[in-house]
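Quick notes on the structure that follows.
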Amino acid sequence: MSNDFKQSPEIDEIETREWLYSLDYVFEHAGPERVKELLQQLQIRAHKAGVQIPFSANTPYINTIPREKQPPFPGNREIERRIKSLLRWNAMAMVVKANKLEAGIGGHISTYASAATLFEIGFNHFFRGRGNGYEGDQVYFQGHASPGIYARAFLEGRISKEQLKNFRNEFAEGGGLSSYPHPWLMPNFWEFPTVSMGLGPIMAIYQARFNRYLEDRGLKKDTGSKVWAFLGDGETDEPETLGAITLASREQLDNLIFVINCNLQRLDGPVRGNGKIIQELEAAFRGAGWNVIKVIWGEDWDPLLEKDKDGKLIKRMGEVVDGQYQKYTVEDGAYIREHFFGVDEELKDMVENMSDEELKKMKRGGHDPEKVYAAYSAAVNHEGSPTVILAKTIKGYGLGESGEGKNITHQQKKLNEDEMKEFRARFGIPISDEQIINDPFFRPDEDSSEIKYLTERRKALGGYLPSRKTDIKPLKTPDESLFEEFYKGTEGREVSTTMVFVRILAKLLKDPEVGKLIVPIVPDEARTFGMESLFRQIGIYAHAGQLYEPVDADSLLYYKEIKNGQILEEGITEAGSMSSFIAAGTSYLTHGLNMIPFFIYYSMFGLQRVGDLVWAAGDAGVRGFMLGGTSGRTTLNGEGLQHQDGHSHLLAYAVPNMVAYDPAFAFELSVIIRNGIKRMFEDQERIFYYITLMNENYPMPEMPEGAKEGILKGMYKFKSSSMKDTKLKAQLFGSGTIINQVLHAQEILEKDYNVSADVWSVTSYKELRREALDIERWNMLNPDKKQKDSYITQILAKEEGVFVAASDYVKALPDSISKWFPRKLHSLGTDGFGRSASRKALRDFFEVDYRHIVYTTLGALVKEGKIKDTVLEKAKKDLDINPDKLNPMVS
Ligand SMILES: Cc1ncc(C[n+]2csc(CCOP(=O)(O)OP(=O)(O)O)c2C)c(N)n1
Ligand SMILES: [Mg+2]
């Protein structure tokens, strides 16, 4: 048959009808499965015949769950509506009041206004608390919807009126409420920090995965708890939001539910004015293997869809873009009639009997409790993959003229009196005009139907939420004997601190007490760090086990994936690994388990790459060790500019509860890790650790007598000079592998220049600075009391000579403590972009090798008039110092 054969339109129509009738027949007699099978067969046949069927991951722009599949709604709609009205009112009043008391204090009204139904269906019917034998669901609330969550806690009697009044006024008497979900600031309330867009979703994915990990390893029971992540549609533009969704489907995380509040707007304007965010997200999530449930239209659209026999309404729904839908929100019913339905006579006829008022009131799906209930119910019962609910809502819903659906609505923080009155009338809030101004918050009596209802619902669901566990059991720190091997040194054997770490980890893993609690996390770098022996020893976690014969099956260290594996081998994702670290490091709060994560990665791809997640980890109260491997701008040689880290320790300064160390020797590392476990898990301090590890091999010395305290405080004298009677003195400070350059410099100074130099090992500039600042502040606030000396001042007061510090990090580190030194501190460091070259060349380039340390020391002695210029002149030649070399800092 020729391709240009064309049959008449009439025949086309008959043919189409016949096919459709056949389909209806099969559906009625054999059911949906048979229809699926037939369609698949047809698709294959068409494909074979060369018919290119356009790809689409989308379904029509209507609700995924048709009306006839909706389960009956078990709640009392009227009471729930009234509760919701109270929440809307109090949430709005909280922001308005806060801004009245202090203009510009901020806060958000519109986001919660759009999400209220989405949250409330959860609170009244789904979110499980930590009672009745459940462990509780973990809910990541959209951060800037916090006023609504506070408003609910107020109705629940968990937050006082005074606190509501002090929203965003945390220093107020009686306590205030933090702007957003910050567990650091409200440790018994908030569980997850979510307000930095994108972090909530990725943390939720890894939380759900970590819950599975604990179950698969037999560390906790599966009580059917779910992880819910509420996020904005604008938030989906953050790479973190969608970046890990395939992990969730790959791992079949049916304990995970995303609810995306698609109000079509972000801060400045529409999320996709010229497109459709719901369809875009549907395609992305379906493509990634998620169960996608769209909740687009409310119940008043059902009768119209019923009438829509030829699909014209569905087609119209699908062709209108989001920017236009936003316009319908702000316009009246006549506009909707003309511009939405008016494009087609049949559509126009469909709404002929409806008034403009009725058209205007037709709800979006996300504001319809029964539609949202149906979606959640399907989500919690779905098995085999994670679910995302795409709920269409209106930003600023209920704000009316003062902001509903407008581009400015995100920033709306003030309502004038008339607008407040209008709101009050719309939601039937029983308060007087006078109260609106002075005392707007309203909570009905304890025995009112609203309070009784919500109290009963939360009781049935196992308690209030959000809330945090408080009965944390401390862990006993592993015995000193486990670490002692590392205090002895390696007797000449050359090893790196990375190798030492792996050995410490292996020993900890074998410890009968803490072994099972250790969670090694690695983003595809286990071999880089020499950790591959752990693959076989403790296994790589894989929910599915190992469905293949690994290529290296016959080798001792084969790639062993196993259901109860202990290592989290995350693949190349520092953000994902960091999220696992957060889930593991907060499991003392979420599950009452003192899991001890060790997350090891390329130090360059840590604090600067996932710094915002690190900040969130601090907020969340994470415990555990981040290990920046291959660190040091000159120690990781050959790798060049993008790999060589010489500044992560500076970034660590910014994280308030991060304790950072840059150890040089095995014993230092060992003392630091043991003390870290003690401080975090036995003493229950809210801190976490950052330790850099290096890959340069050298013999590890024995721990000097009495060094422990100094190691932990940040510095101690490692090696005094053997020369006694010389006038020329120097104090040299070294960190990490650069300590070896400093030790070499000590020798040269003594041998060639008659300078007696002591060597100090600085394990942590940050700790030294923190302590000194603390003392300085105390002195400032207590001038009338006996003034104290910082640790730095105490130990250096009597030290003679010039001070020179060198590390494989930027000069800002030694500079940050120099003001507490008795005399000037000369800093050497690795400021600037790295290069691919040998360690020797790099250390020359960055001026941190022994030559530059010697030369700097001699220069300092010249300036102090202790030696003559001529000595320095000669040294320049002997040490081959080039004053005209490139400045590494800017080249
Ligand atoms: C990483 C980050 N960037 C910017 C912001 C500032 N911000 C707060 S809310 C918001 C708009 C949110 O839009 P959407 O996700 O659609 O949420 P909606 O309020 O519409 O529900 C922005 C840009 C932020 N909180 N985090
Ligand atoms: Mg939005």
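Worth a mention:
- Residue match in the range 251-271 (condition: within 28 Å of Phe127 (Cβ to Cβ), more than 16 Å from ligand 2 (Cβ to nearest atom), in contact with a Leu (Cβ under 9 Å, 6 or more places away or on another chain) and open to solvent by less than 10 Å² (accessible area, probe 1.4 Å)): yes
- The range 434-449 - residue that is in a loop (DSSP other than H, G, I, E, B) and open to solvent by less than 50 Å² (accessible area, probe 1.4 Å) and, of those, farthest from Glu120 (Cα to Cα): Pro440
- From the options Lys452, Lys473, residue that is in a loop (DSSP other than H, G, I, E, B), closer than 30 Å to Arg130 by Cα and not acidic (Asp, Glu): Lys473
- Qualifying helices (runs of 4 or more DSSP H) (wholly inside the range 1-108; at least 3 residues being of a type outside the set (Gly, Ala, Ser), under 38 Å from the mean Cα position of the chain (by Cα) and closer than 30 Å to Ser146 by Cβ): 77-101
- Tabulated pairs, the range 276-293, first basic (Lys, Arg), second buried (at least 18 other Cβ atoms within 10 Å of the Cβ), C-beta under 6 angstrom, 6+ apart or interchain: Lys276/Asp322; Arg286/Val292
- From Gly200, Gly176, residue being at pLDDT below 95 and touching a strand residue (DSSP E or B) at 6+ places or on another chain (Cβ under 8 Å): Gly176
- Selection of the range 826-844 for residues being buried (at least 20 other Cβ atoms within 10 Å of the Cβ), outside any loop (DSSP other than H, G, I, E, B) and touching a residue at least 60 places away in the same chain (Cβ under 8 Å) yields Leu842, Arg843.
- Here the range 377-420 is the region considered, the condition is being small (Gly, Ala, Ser) and either more than 28 Å from the chain's Cα centre (by Cα) or within 13 Å of ligand 1 (Cβ to nearest atom) (or both), and the residue that is surrounded by the fewest Cβ atoms within 10 Å (Cβ to Cβ) is Gly400.
- The set of residues from the range 560-581 being under 12 Å from Glu525 (Cα atoms), among the polar types (S, T, N, Q) and open to solvent by less than 20 Å² (accessible area, probe 1.4 Å) comprises just one member, Ser577.
- When the range 315-340 is filtered for residues that are closer than 17 Å to Lys395 by Cα and either assigned to a helix (DSSP H, G or I) or hydroxyl-bearing (Ser, Thr, Tyr) (or both), the ones remaining, listed by number, are Asp322, Gly323, Gln324, Tyr325, Gln326, Lys327, Tyr328, Thr329, Val330.
- Any chance Val343 is at negative phi, crowded, with 23+ Cβ neighbours inside 10 Å and either among the hydrophobic types (A, V, I, L, M, F, W, C) or part of a helix (DSSP H, G or I) (or both): no
- In the range 272-286, residue nearest to Asn63 (Cα to Cα) [restricted to those that are within 14 Å of ligand 2 (Cβ to nearest atom) and outside any helix (DSSP H, G or I)]: Lys276
- If you go through the range 222-233 and keep only what is in contact (Cβ under 8 Å) with a residue 40 or more places away in the chain and not aliphatic (A, V, I, L, M), you end up with Thr223, Gly224, Ser225, Lys226, Trp228, Phe230, Gly232, Asp233.
- Residues that are hydroxyl-bearing (Ser, Thr, Tyr) and open to solvent by less than 10 Å² (accessible area, probe 1.4 Å) were ranked within the range 641-675; the one that is nearest to Phe486 (Cα to Cα) is Ser670.
- Any hit, the range 351-364, residues being of a type in the set (Val, Ile, Thr), open to solvent by less than 50 Å² (accessible area, probe 1.4 Å), out of contact with any strand residue (DSSP E or B) (no Cβ under 7 Å at 6 or more places or on another chain) and outside any helix (DSSP H, G or I): yes
- Matching residues, the range 105-125, being within 16 Å of ligand 1 (Cβ to nearest atom) and either within 18 Å of Ala374 (Cβ to Cβ) or open to solvent by 20 Å² or more (accessible area, probe 1.4 Å) (or both): Ile105, His108, Ala115, Ala116, Thr117, Leu118, Phe119, Glu120, Gly122
- Of the residues making up the range 845-863, those that are within 45 Å of the chain's Cα centre (by Cα) and either without any contact (Cβ under 8 Å) to a residue 12 or more places away in the chain or part of a loop (DSSP other than H, G, I, E, B) (or both) are Phe846, Glu847, Val848, Asp849.
- Checking each residue in the range 422-433 for being open to solvent by 50 Å² or more (accessible area, probe 1.4 Å), part of a helix (DSSP H, G or I) and under 17 Å from Ala113 (Cβ atoms) picks out Glu422, Ala425, Arg426.
- Whenever a residue of the range 4-21 is over 21 Å from Leu38 (Cβ atoms), its partners that are open to solvent by less than 100 Å² (accessible area, probe 1.4 Å), lying with C-beta atoms within less than 8 angstrom and at least six residues away or across chains, give the pairs Gln7/Glu15.
- Any chance Ile149 is farther than 21 Å from His410 by Cα, in a helix (DSSP H, G or I) and within 15 Å of ligand 1 (Cβ to nearest atom): no
- In summary, Lys84 fulfils each of the numbered conditions (1) crowded, with 21+ Cβ neighbours inside 10 Å; (2) touching a helix residue (DSSP H, G or I) at 6+ places or on another chain (Cβ under 8 Å); (3) in contact (Cβ under 8 Å) with a residue 60 or more places away in the chain with the single exception of condition (3).
The values are calculated or read from the model by the stated rules, or taken from the named source; none is laboratory data. On a predicted model such as this, the values are computed, not experimentally measured, just so you know. Note that we place each Cβ from the backbone using ideal geometry, even for glycine, and neighbour counts take in every protein chain shown. When the accessible area is computed, the model is the full protein with side chains, heavy atoms only, and any ligands, DNA or RNA have been set aside. Shrake-Rupley method; radii C 1.70, N 1.55, O 1.52, S 1.80 Å.
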